[in-house]
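The values are calculated or read from the model by the stated rules, or taken from the named source; none is laboratory data. Computed from a predicted model, the values in this text were never measured in an experiment. As a convention, Cβ positions derive from the backbone with ideal geometry for all residues, glycine included, and neighbour counts pool all protein chains shown.
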Amino acid sequence: MRGEAHKKLTKKIITVLRKTFLCLVWQNETGCVKRRNTYYHYGFRGSPDIIGCVNGQFIGLEVKTGKGKQ
């Protein structure tokens, strides 16, 4: 599970991008949920943490805090 530092940094990057550039960006969630003894996976493993469009160009940003898996 990702730490609070990673979540805070991701939200801060999204806020700065939205205020600084004419863009559409969002956090790309991935994970797994268990419901009634069945696991449901969402998102794609290895996809960027932040995805969006800036000035007509696709962007994908991977956020790293120095801790956790690469």
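Looking only at region 1-57, which residues are modelled with pLDDT under 90, surrounded by 10 or more Cβ atoms within 10 Å (Cβ to Cβ) and among the hydroxyl-bearing types (Ser, Thr, Tyr)?
Thr30, Ser47
Pairs needed: first member in region 58-70, surrounded by 11 or more Cβ atoms within 10 Å (Cβ to Cβ); second member anywhere, of a type in the set (S, T, N, Q) and modelled with pLDDT of 90 or more; C-beta distance under 8 Å; at least 6 residues apart or different chains.
Sorted first by the residue in region 58-70, then by its partner, the pairs are Val63/Thr10.
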